[in-house]
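Structure first, commentary second.
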Amino acid sequence: MNLNRRSFLKVSALTTGALTLRLYILQAQAQAPTKQNLKPTAFIKIAPDGTVTIKARGPEMGQGIKTELPMLIAEELDVDWKNVRVEQADLDEATYGSQSAGGSMSTPKSWDPLRRVGAAGRQMLVAAAAITWAVPASECTTDAGCVLHKATGKQATYGELAAKAAALPCPVLDTVTLKDPKDYRIIGKSQTGVDTPHITTGKPLFGIDVSLPGMLYAAIEKCPVFAGKVKTANLDEVKQMPGIRQVLVIDGTIKPAAYTAPEPGMEPGIAIVADSWWHAQKARKALKVEWDLGPAEAQSSDNFQKQAEALLAAPPVTTLRTYGDIDAALKNSAKVVQATYIFPFLAHATLEPMNTTAQWTSGAPGGGSKLEMWVPSQNPGAGSALVARSLGIPEKDITVHLTRVGGGFGRRLMNDYMVEAAWLAQRVQAPVKLLWSREDDTTHDAYRAGGFVGLKAGLDEQGKLVAWRHHLVTYGDGGKLAPGANIGSDEFPSGLAPHYALYTSAIPLMLRTGYLRAPGNNAYAFVGQSFLDELAAAAGRDPLEFQLEILSNKMVPVPGEENTPKSPRDLNPERLKAVLQLVAEKSNWANRKREAGRGMGIAGYFCHLGYFAEVADVTVDKDNKVKVNHVWAAGDVGSEIINPRAAESMGFGGVIDGMGEMAQEITLAGGKVQQTNFHQHPLMRMKQVPPIEVFWIKSNFAPTGLGEPTLPPILPAVVNAVFAATGKRIRTLPLQKSGFSWA
Amino acid sequence: MPVELTINNVSKTVDVEPDTPLLWVLRDSLNLHGTKYGCGMGLCGACTVIVAGQAIRSCLTQVSSVAGKPITTIEGLSPDGTHPVQQAWEKIDVPQCGYCQAGQIMSATALLSRTPHPTDADIDAAMSGNLCRCGTYPRIREAIHHAATLEKA
């Protein structure tokens, strides 16, 4: 066996790479439900009139958890949903458990504990009734906000019992009895988003809508080159402009290096504080700044491409996984297929630009200053800690209010804007709302890292996959890949291909990268599932049948993990097969028409604990304009679709967002990001969006999240459909770099 | 410089520079935060309001140009959230993050006021200037068709 000596030496890098990709899943799993010591009284308030107020713990950014997580509590509390009011909790993770929302983990990490919170609340109300009536609690039942004792005919509303119940000891969450799912009255029934009536009437829900008495507005001009510093600027002139209160130079704390952390420190710039945001923006236009561009000026997309080509031709830097004998297997294959796939940097482009409102209060009781913040963050606990660390203040002096979030997509796992707002409020002696412009947002994001993937695979005489060699060239410092650029050693078809090798190499990058909805997966599904389609075509086989065959192979275990029990984060090939088969059935895949200019493509993917397969039907015209006519999606996210209508919307959203990413790119020239606004980083528009159908498999596994797994399969499904329609293979995104565009 | 505005049937006088975009007058001078900033270039439609029956982008509209004209924002669509478009949006549960929805609703309202029973092609034409990264477009289409059934003849 030709075990690569280098791979042996890189064991530590292997472990780091694989673990980093799964980090937030592992973090969430570490918060075992019943270890959180959650208390029903923290989440549930019941008024004498029976109105139930339930706290929503996590940030709502469109994924629906402000409605869905309280539904879990209300179901087990056994109340009528129409009597429930939902309130957003402030940041207090000691009380509420994790309040971050990312990695599609809100549902899996809440499913068990929050139902138990509701059940514990119900148990306390039953206990209060039993004491009042001097009957055994075991003889009492509940029904939609009432406790009943059948033998005596006694009944009491939760409102009547609430005060007494609240004084009773809280049961241990592990011990409470949960409902039989067949008795669910809230879970599995579509409930309207709790904020929907406020959104349709324009209520101020979002971070950008926060308004405080005496509040000032801030904007920050940053160097077009990452981490470039201010040399000189016409500050005195700008200070004289109408409405301007202060102009502050931010020296910044970033040191440009080959590896850039997602939150590398404050970016340098010039902050303008004004009595309106428009005044601040106007003053920015009058700024004349001489920048010290620093070393990042030398970076360009052309240069990255050249470095990538060299790295792809050289021996890989890091071996993530090899087994079998990849070189011999490729040499002995009946047919070898080789291709390079390329995907670009992407911006998050949330519709609500980054913002935070911050206020310092001096002379608080006990002395010292207190910082209060209103933040649209996905990860406010980490944000609070970051602010404390960056400004050198105790975290206990920071209060964080969670606003509704106008789009997350992973951008708001990073909290740089919180630090900027806190820094400004500390200096301005007034409440400050910091707002980034769209241009700031597009040019100073923590981007989805781009990549270049060299692939080589072998087929035997029967057209079966025998070997798969995968070399990802992305960004970072040697074996340490940029944030969000990691790839798991379990990337498909790892473990399923008889001979396999997965390598990485890295281009140094002085630019922030981060996590974009389905990080890694949003690109790796495009690469792996498109190449798989190429292989099926080379073998003269149906791509569905070819993939099902691979998924039926015996899984090669990771050395040392032969006896490790399967966890939900390990691929279950049967679940992936099932969604592929369902989507094939729903799209009538077997009888699809093959005609010039029109075709169907299929792809499946497992990530973030969820399984999705999607089929796209496309038409490509003579100018290579692609119109998607229809999309079918089939998903398996466990035993319950908790809020069906919202879940279906997440299915639509993942498909549409994934299509949008196919025409987007962020490029660099002279160290500067060249795209500034939606005309250069387009989102899908109404007229481009096809009818989409979403189908579910309810499997025998605990429910998991929908923020991410719906997205990755659509990219290769479209690419494969374009191939079916035209015989042309899209290996480089965005589409326009391969000669295509959206109709 | 004082500018007289008629917003949601109420007269307001604001003291701003005449080139200030209507969007920032609504948001920062008048505390009407329902109208949203998304791009500042008329590319995303989040700032859409209705001026004299037309859906316009308030981020590109100088406040002086709409002095005296009737301006409707999301807050003024109905006193109690019962405008047919609002009812339809709630019934279909259109929003995901919700940030773009005020602009979507205002564009849909302008469409329905001139085309009470729009086809899918009418919807494509009227709504393609409003971006939504969450991908609520299928729900928006559904809600517009539903609102058409609620509109008074």
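Let's see how each residue does on (1) over 44 Å from the mean Cα position of the chain (by Cα); (2) assigned to a helix (DSSP H, G or I); (3) in the same structural domain as A:Ala47 (by TED's automatic domain parsing); (4) buried (at least 21 other Cβ atoms within 10 Å of the Cβ):
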{"residue": "A:Ala120", "(1), (2), (3), (4)": "no, yes, yes, yes"}
{"residue": "A:Ala127", "(1), (2), (3), (4)": "no, yes, yes, no"}
{"residue": "A:Ala130", "(1), (2), (3), (4)": "yes, yes, yes, no"}
{"residue": "A:Gly159", "(1), (2), (3), (4)": "no, yes, yes, no"}
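Restricting the first member to segment A:132-144 and to residues that are assigned by TED's automatic domain parsing to the domain that holds A:Tyr158, and the second to residues that are among the acidic types (Asp, Glu), the beta-carbon pairs closer than 8 Å and six or more apart or on different chains are A:Thr142/A:Asp78; A:Asp143/A:Asp78; A:Ala144/A:Asp78; A:Ala144/A:Asp80. Looking only at segment B:48-71, decide whether some residue is buried (at least 20 other Cβ atoms within 10 Å of the Cβ), part of a loop (DSSP other than H, G, I, E, B), at the interface with another protein chain (Cβ under 8 Å from one of its Cβ atoms) and polar (S, T, N, Q). No; the residues of segment B:48-71 include none that is buried (at least 20 other Cβ atoms within 10 Å of the Cβ), part of a loop (DSSP other than H, G, I, E, B), at the interface with another protein chain (Cβ under 8 Å from one of its Cβ atoms) and polar (S, T, N, Q). For segment A:223-239, the set of residues classified as touching an Asp or Glu at 6+ places or on another chain (Cβ under 9 Å) and either over 30 Å from A:Pro508 (Cβ atoms) or of a type outside the set (D, E, K, R) (or both) consists of A:Cys223, A:Val225, A:Phe226, A:Ala227, A:Gly228, A:Val230, A:Thr232, A:Ala233, listed by residue number.
The lone criterion from (1) in a strand (DSSP E or B); (2) within 14 Å of chain B (Cβ to nearest Cβ) left unmet by A:Val337 is number (2). Residues in segment A:618-673 that are among the basic types (Lys, Arg) and either within 13 Å of chain B (Cβ to nearest Cβ) or assigned to a loop (DSSP other than H, G, I, E, B) (or both): 3 in all.
If I ask for residues that are within 19 Å of A:Arg412 (Cβ to Cβ), in contact (Cβ under 8 Å) with a residue 60 or more places away in the chain and part of a loop (DSSP other than H, G, I, E, B), which ones from segment A:203-225 would you list? Scanning segment A:203-225 gives A:Leu205, A:Val210, A:Lys222.
None of A:Ala119, A:Ala101 is out of contact with any strand residue (DSSP E or B) (no Cβ under 8 Å at 6 or more places or on another chain), farther than 18 Å from A:His198 by Cβ and within 14 Å of chain B (Cβ to nearest Cβ) except A:Ala101. Sub-8 Å Cβ pairs linking a first residue in segment A:273-295 that is under 15 Å from A:Gly228 (Cα atoms) and crowded, with 19+ Cβ neighbours inside 10 Å to a second residue that is at pLDDT below 95 and not basic (Lys, Arg), at least 6 apart or interchain, are A:Gly294/A:Pro256, ordered by first then second residue.
Can you tell me which residues in segment B:87-101 are farther than 20 Å from B:Ser58 by Cα and outside any helix (DSSP H, G or I)? Residues satisfying the conditions are B:Asp93, B:Val94, B:Pro95, B:Gln96, B:Cys97. Selection of segment B:1-20 for residues being assigned to a loop (DSSP other than H, G, I, E, B), more than 8 Å from chain A (Cβ to nearest Cβ) and not hydrophobic (A, V, I, L, M, F, W, C) yields B:Asn8, B:Asn9, B:Pro18, B:Asp19. Could you tell me which of the residues B:Leu32, B:Leu23 is in contact with a Cys (Cβ under 6 Å, 6 or more places away or on another chain) and within 11 Å of another protein chain (Cβ to nearest Cβ)? Answer to the selection: B:Leu23.
Can you confirm whether A:Met71 is part of a loop (DSSP other than H, G, I, E, B), modelled with pLDDT of 95 or more and either touching a Phe, Trp or Tyr at 6+ places or on another chain (Cβ under 7 Å) or within 14 Å of chain B (Cβ to nearest Cβ) (or both)? Criteria not met by A:Met71.
To keep it simple, each residue is scored yes or no on (1) of a type in the set (Lys, Arg); (2) modelled with pLDDT under 95; (3) surrounded by fewer than 22 Cβ atoms within 10 Å (Cβ to Cβ); (4) closer than 30 Å to A:Lys672 by Cα.
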site: A:Tyr184; (1), (2), (3), (4): no, no, yes, no
site: A:Asp195; (1), (2), (3), (4): no, no, yes, no
site: A:Ala219; (1), (2), (3), (4): no, no, no, yes
site: A:Pro224; (1), (2), (3), (4): no, no, yes, yes
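Restricting to segment A:200-241, what's the tally of residues that are at positive phi and under 27 Å from the mean Cα position of the chain (by Cα)? Selection size over segment A:200-241: 2. Can you name the residue in segment B:119-139 that is over 18 Å from the mean Cα position of the chain (by Cα) and outside any helix (DSSP H, G or I) and is also nearest to the other protein chains (Cβ to nearest Cβ) among such residues? It comes out as B:Gly135. Among the candidates A:Asp440, A:Asp477, A:Asp445, A:Asp490, the residue that is crowded, with 22+ Cβ neighbours inside 10 Å and acidic (Asp, Glu) is uniquely A:Asp445.
The residue of segment B:72-84 that is surrounded by the most Cβ atoms within 10 Å (Cβ to Cβ), among those that are within 8 Å of another protein chain (Cβ to nearest Cβ) and among the β-branched types (Val, Ile, Thr), is B:Ile74. Condition check: part of a loop (DSSP other than H, G, I, E, B) and of a type in the set (Asp, Glu). Does A:Asp112 satisfy that? So A:Asp112 does not fit the description; no.
Inspection of segment A:213-223 finds no residue satisfying the criterion of being at the interface with another protein chain (Cβ under 10 Å from one of its Cβ atoms) and under 30 Å from A:Ala127 (Cα atoms). Kindly indicate whether any position in segment A:241-255 is within 20 Å of A:Glu352 (Cα to Cα) and either in contact (Cβ under 8 Å) with a residue 24 or more places away in the chain or not assigned by TED's automatic domain parsing to the domain that holds A:Glu68 (or both). No; the residues of segment A:241-255 include none that is within 20 Å of A:Glu352 (Cα to Cα) and either in contact (Cβ under 8 Å) with a residue 24 or more places away in the chain or not assigned by TED's automatic domain parsing to the domain that holds A:Glu68 (or both).
Evaluate segment B:102-117: report whether one residue or more is assigned to a helix (DSSP H, G or I) and within 7 Å of chain A (Cβ to nearest Cβ). Yes - at least one qualifying residue is present in segment B:102-117. Taking the listed residues A:Lys229, A:Lys203, A:Lys189, the one that is among the charged types (D, E, K, R), away from chain B (no Cβ under 14 Å) and either more than 30 Å from A:Ile131 (Cα to Cα) or in contact with a Leu (Cβ under 7 Å, 6 or more places away or on another chain) (or both) is A:Lys229, with no other qualifying.
The values are calculated or read from the model by the stated rules, or taken from the named source; none is laboratory data. Values in this document were obtained by computation on a predicted structure and should not be read as measured data. Cβ: placed from backbone, ideal geometry, glycine included. Neighbour counts: every protein chain shown.
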